[in-house]
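Since the structure comes first, as structure tokens, the remarks are kept for the end.
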Amino acid sequence: MKDTFYFSHDYNASSDQKILTLRGKFGLEGYALFWLCIESMAQEKEGYIYRGAIGGLSLGYGVAEARLKEFLEYCISIDLLRENDKGVYSKRLMEHKELRADLSQFGKKGAEKRWQENGVAIANKGKERKGKENIVGNTDCEKSEKKPTSKEAELIQYWIDKWSEHFPSREKRIITSWARYIKQAKPLVNAYGLEKCKKICEVYLNDFDPLIKKEEWSLSLFLTDRTFNKFKDKA
């Protein structure tokens, strides 16, 4: 069976202002088409609806191709969806896919580390039985890039430290790709300043966010305009 995943669907999505604007023009058909498009984007590895695929999707959705093109153009015009050289996409869905990729990567790293630690323990136990010297190997299998020096890096390190304070029982996180997070943090640090970003970080971690409740690593989700717009007035 093909692997399937879920993405969050806010229970009040139908009353979102942009969704209401969409429904005002397309009715409930527009609401249904929107979520069909989101599902199609979620199934694509890169998260896009490609222009060349609209004809095929229109058959699957049961709507005329011209109608689907009109719908997508309208969603883009009200900033409900966006478009670049690759195709049409949802900013929020892209953030969700990045977060899932991060969680998956951290899960793989953790599994590798646990496997190596267990392997060393078993090997050492065998040596003890034979009366040989017990040699403990290096079990740190996560090799991270050298930490850069910048305000963005300081914010990311601040997040790591605060996350560890909130969840001391969890394994300490190691950044394996500073460049990606720094690129994501740069416009936020420029817009709000480092100290304000740190305060927003504290408010975010203290908020009853579903991801934080489950103690999941959500740095990619934190470093977004949506999060900062939500928590900036509380910081």
Pairing a residue in the range 53-68 that is closer than 13 Å to Ser40 by Cβ with any residue that is surrounded by fewer than 15 Cβ atoms within 10 Å (Cβ to Cβ) and of a type in the set (Gly, Ala, Ser), where Cβ atoms lie under 8 Å and the two sit 6 or more apart in sequence or on different chains, gives Ser58/Ala64
Among residues of the range 145-175 being loosely packed, with under 12 Cβ neighbours inside 10 Å and part of a loop (DSSP other than H, G, I, E, B), the residue modelled with the highest pLDDT is Thr149
Within the range 61-82, residues being surrounded by 14 or more Cβ atoms within 10 Å (Cβ to Cβ) and among the polar types (S, T, N, Q) number 0
When every residue in the range 23-70 that is of a type in the set (S, T, N, Q) and touching a helix residue (DSSP H, G or I) at 6+ places or on another chain (Cβ under 7 Å) is compared, the one farthest from Tyr89 (Cα to Cα) is Ser58
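The values are calculated or read from the model by the stated rules, or taken from the named source; none is laboratory data. Given the structure is predicted, the values throughout are model-derived calculations rather than measurements. Methodologically, a virtual Cβ is constructed for each residue, glycine included, from the backbone with ideal geometry; neighbour enumeration extends over all protein chains shown.
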